[in-house]
Structure formats: structure tokens, C-alpha cells
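The structure is given below, and queries will be raised subsequently.
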Amino acid sequence: MKGVSPISFMAEHPTHSVETPAQKIFDHTGESLSRCYQCGKCTAGCPMSEEMDITPSRMMRMLQYDDPAMEEEALRSYSVWLCLTCGTCLARCPQEIDIPGVMDFLRTESLRKGMMNPSAKNIVSFQKSFIDSLRLTGMLYEVGLVAGYKARTWKLFQDMSLVPWLFLKGKLNLLPHRVKDRKTVKKIFRETVK
Ligand code: SF4
Ligand code: SF4
């Protein structure tokens, strides 16, 4: 046990049938957040930190407590939806903690537990429409993405004046292009969306 923090040990040696927040994060991301020593470099470099309700370093600190109430606060935060997965925090972290991976896990958990921050509704609608586009064609289908987003958010006429210009410039195709290897796309979704 010498040199191993209690959170690391618990994450790597689960003894209870109900997983603690730290165990879940370790199982899904391979990260032991007890390694974070709160230098703040991730937050200093994060392009979204000023908009976030919980900065990346504070998020790591909250999760270090391994406390379900703290976990719930993280899952209900707006920050998990503002994270761009740009990787700047990971590149700056002296401990190489995969914060984007942790944020991604928190997003998935937030949706699964119905704890999505109400301010993130449009972001989630966009994300779902984007995934639908990938599922359908294997690539980005802009018209389908926009139609899906508008249907989900009821922003039916927003930015409609741009549509003719986009068609004229060839930026929108009515019919989708599809990747040839559809089987692989289906397999990826089967393996990853469970
Ligand atoms: S950069 Fe790494 S060690 Fe520093 S606060 Fe952020 S996660 Fe913790
Ligand atoms: S990956 Fe997310 S948390 Fe990290 S720097 Fe980018 S926006 Fe900030």
C-alpha cells in the first residue's frame, strides 16, 4: 500500500458490488484522479474555462472526494457540455490526466442518469443530430444534421436566410454521400453505443 493513495487502491481493487465514483471513472477511462495535485495548468489553458460553472481543475478536485453528492454536482454541471474535447488540458497536465476522456464519461453518465444541465439542451440536440448523421451515412450529412437539430429544438426558421446562399456556394447537398463500407460503420456503432 505504501505510495498508493486510498482512491487509487480502491479504484484498482474494487471490493464492493456498488461502484464508487472513483471506481467508475477508473473502469471507464483508466484514470486515477488522485494523481491530480491541483496545479491548475488545465484550467489556465482551457479555452472554455471562463464560461464553465466548474473549471477542469475544480472538477478533478471534486471527483477526488469520491463522494456521490460531488459526483452528482459534476454530472449536473454545464461544464461537461461546454468541453470541446480539444485536449489542451491533457497536453498541459504534468500528470497526463485524460480530462477530455473524463468529461466524455461524465457526459455519458449525465445523460444515462437524466441529470443533464437544462442549459445544455441545444448542445445535446446538436450532438444527437450529429451522431444520427454519422449513423445514417458514415460521414457528416449537413442537411440531415440541420434538419435533425431544428426538429429537436423547434428553431425551424433560425438562419433560414442563409440556406439559398449555402446551396449556391455548393456547401449543402440535398442528397447524402455515404461511405462505401457501411458494415464497418454499423459495427462501430454496435460496439460503442451500448
Ligand atoms: S493540470 Fe493536471 S495535475 Fe494540474 S490541476 Fe489539472 S488535472 Fe490536476
Ligand atoms: S478538452 Fe475540454 S476541459 Fe480540456 S481544455 Fe479543451 S475544452 Fe477545456
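The values are calculated or read from the model by the stated rules, or taken from the named source; none is laboratory data. Since we're looking at a predicted model, the values are computed, not measured. Using ideal geometry, Cβ is built from the backbone for each residue, glycine included, and neighbour counts are taken over all protein chains shown.
Checking TYR37 against (1) crowded, with 16+ Cβ neighbours inside 10 Å; (2) part of a loop (DSSP other than H, G, I, E, B): exactly one of these is not met. Which one?
If we test TYR37 against (1) crowded, with 16+ Cβ neighbours inside 10 Å; (2) part of a loop (DSSP other than H, G, I, E, B), just (1) comes out false.
In region 27-44, what count of residues is obtained for those that are touching a Ser or Thr at 6+ places or on another chain (Cβ under 7 Å) and farther than 15 Å from ASP98 by Cβ?
3
Only one residue in LEU162, LEU175 is farther than 29 Å from THR29 by Cα, surrounded by fewer than 11 Cβ atoms within 10 Å (Cβ to Cβ), hydrophobic (A, V, I, L, M, F, W, C) and out of contact with any Leu (no Cβ under 8 Å at 6 or more places or on another chain), so which one is that?
Matching residue, one of LEU162, LEU175: LEU175.
Of the residues that make up region 110-131, is at least one farther than 27 Å from GLN158 by Cβ and crowded, with 18+ Cβ neighbours inside 10 Å?
No.
Of all residues being β-branched (Val, Ile, Thr) and under 26 Å from LYS186 (Cα atoms) in region 83-136, which is farthest from ligand 2 (Cβ to nearest atom)? Just the residue, please.
Of the residues in region 83-136, the ones β-branched (Val, Ile, Thr) are 85, 88, 97, 99, 102, 108, 123-124, 131.
From what's left, under 26 Å from LYS186 (Cα atoms): 85, 102, 108, 123-124, 131.
Values: THR85: 5, VAL102: 9, THR108: 15, ILE123: 13, VAL124: 16, ILE131: 19 Å.
Per the criteria, the residue is ILE131.
Could I ask something else about it? Has region 43-50 got any residue that is within 13 Å of ligand 1 (Cβ to nearest atom), of a type in the set (Val, Ile, Thr) and more than 15 Å from ALA22 (Cβ to Cβ)?
Yes, the conditions are met somewhere in region 43-50.
Could you check region 68-91 and list, in sequence order, the residues that are of a type in the set (Val, Ile, Thr), surrounded by 21 or more Cβ atoms within 10 Å (Cβ to Cβ) and within 14 Å of ligand 1 (Cβ to nearest atom)?
Across region 68-91, there are no qualifying residues.
Next up: Which residues, counting only those in region 93-103, are free of Cβ contacts under 8 Å to residues at least 60 places away in the same chain and surrounded by fewer than 18 Cβ atoms within 10 Å (Cβ to Cβ)?
PRO94, GLU96
Moving to a separate point now. Got a sec? Which of GLU109, GLU96 is part of a loop (DSSP other than H, G, I, E, B) and either under 24 Å from GLU51 (Cα atoms) or assigned by TED's automatic domain parsing to the domain that holds LEU75 (or both)?
One residue alone meets the criteria, GLU96.
Conditions tested, residue by residue: (1) part of a loop (DSSP other than H, G, I, E, B); (2) touching a Pro at 6+ places or on another chain (Cβ under 7 Å); (3) more than 30 Å from ALA69 (Cβ to Cβ); (4) not assigned by TED's automatic domain parsing to the domain that holds GLU19.
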site	(1), (2), (3), (4)
CYS86	yes, yes, no, no
GLY101	no, no, no, no
GLN127	no, no, no, yes
PHE157	yes, no, yes, yes
ILE188	no, no, yes, yes
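Here's a follow-up. Select from region 48-70 the residues that are away from ligand 2 (no atom under 16 Å from the Cβ), part of a helix (DSSP H, G or I) and closer than 14 Å to VAL102 by Cβ and list them in ascending order.
GLN64, MET70 - these are the residues of region 48-70 that are away from ligand 2 (no atom under 16 Å from the Cβ), part of a helix (DSSP H, G or I) and closer than 14 Å to VAL102 by Cβ.
What residue, of ALA11, ALA22, is modelled with pLDDT under 95 and either in a loop (DSSP other than H, G, I, E, B) or within 15 Å of ligand 1 (Cβ to nearest atom) (or both)? Lay out the reasoning, then the answer.
Numbers: ALA11 fails: either in a loop (DSSP other than H, G, I, E, B) or within 15 Å of ligand 1 (Cβ to nearest atom) (or both).
Criteria check complete, one pass: ALA22.
Report whether or not GLY148 is among the small types (Gly, Ala, Ser) and part of a loop (DSSP other than H, G, I, E, B).
No; evaluated as a whole, the condition is false for this residue.
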